[in-house]
1. Report the dimensions of segment B:28-95 along its three principal axes from the alpha-carbon atoms, largest first, rounded to Å.
2. Return the loop-located GluC sites (Glu not before Pro) in segment B:108-208 (DSSP other than H, G, I, E, B) with at most 13 other Cβ atoms within 10 Å of their own Cβ; answer none if there are none.
3. Would you tell me the mean number of C-beta atoms belonging to other protein chains that fall within 10 Å of each C-beta in A:98-111, as a whole number?
4. Suppose each label sits 7 Å from its Cα in the direction of the beta carbon; what would the residue B:127-residue A:27 distance come out to in nanometres?
5. Could you tell me the extents of segment B:113-208's C-alpha atoms along the three principal axes, largest first, rounded to whole Å?
6. As a footprinting exposure proxy, order B:74, A:138 by other Cβ within 10 Å, with the fewest listed first.
7. Hey, what did segment A:48-192 get for relative contact order, percent, Cα under 8 Å, at least 6 apart?
8. Using Stokes-Einstein with the Kirkwood hydrodynamic radius over Cα pairs, what translational diffusion coefficient do you get for segment B:154-208 at 25 °C and a viscosity of 0.890 mPa s, in µm²/s rounded to a whole number?
Amino acid sequence: MSAGRHHPAAVSPVEQRVAALEALLTERGLVPEGFIEEITRRYESEIGPMNGAKVVARAWVDPRYKQRLLADGTAAIAELGFGGPEGDHMVVVENTPGIHNVIVCTLCSCYPWPVLGLPPAWYKDPPYRARMVREPRTLLAEMGCPLPDDAEIRVWDSSAEVRYLVLPERPPGTVDLTEAELAGLVTRDSMIGTARL
Amino acid sequence: MDGIHDLGGMQGFGGVGHSPAEPVFGHRWEAVARALLVVVAGAVKASGGEFRHSIERMEPGHYLTSSYYEHWLTAAATLAVEHGLMTRSELEARAGGRFPLSGPVLVPPVIEAGPDVDTPRFGVGDRVRVREGHPAGHTRCPGYVRGQNGTVVRVDGTHSVPDIEAHGTARRREPTYSVRFDAADLWRDGQRGVWVHVDLWDSYLERP
């Protein structure tokens, strides 16, 4: 919790509105003791892209796991202990030298919480949602992920119940690394598809 | 509804304010707002469709100028007022000022959902067309694919139709499909070698 940016001396209108809603709900007995702290703690420390990185690293070192992951993402991800809201119907899409996958949600901000955590601000903001389905080649290059002109781009708009995870290509020169070391190389953006490793 | 949330393909937004890493919550109020939405949605038994629609009904200017967790706050307060947990006056009295809520639902509640659809009408490789139309309620059919032809690349299980569950207690389940569109078909300026996949409910689709 970045309480350091919260200055009680200058409470913004939105903070006042949050406090008002919290007070009215609490008075009605609807906010269980410790609920806000607990749900916040889980998303700040337990649920995040470090989970997806473990899935990717396992797929890199274990071809049979990778097969299962691509055939039934939800079940294979559950093998590593990850699942829950916004992860009940997972599809994993694989990058290859000629094919690049990228995920977006144009209508809101659907995102695979159990493996990537809560989405970053830019994923939820209008420019990304508007442009990724119309000019992905341009936008990816702007975001530091230029692709060869002949690379096929597959954009996945998460408009129903499936949530997507990109399986990035294993970087060259990593044959000697352990699974845990490999997981350390996997970035959040490489699993969204806005970066290559 | 043809709301501001349906952003796919809209132009003029400029660059993405990308950062490779950031705190999960930039401010404490964001975490509280997020948790309060969970509280309200549980208390009023809001479906995912009703929740999303409560954000989609935000005044467009407010939607575009407020952050994601302000959307969640507005949704939570709107659902709390609409379901009678509290009044807008109470919220504004406590907040010491204006408390903008989302606009009204534009359609009557759905009474009859119709029978579940258990058997997919389409299979992988089938060509499909997305139905035209401008539903005034909630839908998960993005505007940019309506009327467009695509190819089914994956058949998923059956899921509750959002257009129905957003508007009352009736429910209908239908298969969903991942449908692949050629960006060159979707956009006059579509980029080459780009496939856009959109996940669509059975009733959004027809044979071309």
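1. 30, 27, 24
2. B:112, B:132
3. 4
4. Taking the simple label geometry, residue B:127 and residue A:27 are separated by 6.2 nm.
5. 44, 28, 18
6. A:138, B:74
7. Relative contact order for segment A:48-192 comes out at 34 percent.
8. 191
Each reported figure results from applying straightforward, stated rules to the coordinates on display, with no laboratory input. Keep in mind that this is a model prediction, so the values were computed, not measured. Don't worry about glycine lacking a Cβ; one is built from the backbone with ideal geometry, like all the others, and counts go over all protein chains shown.
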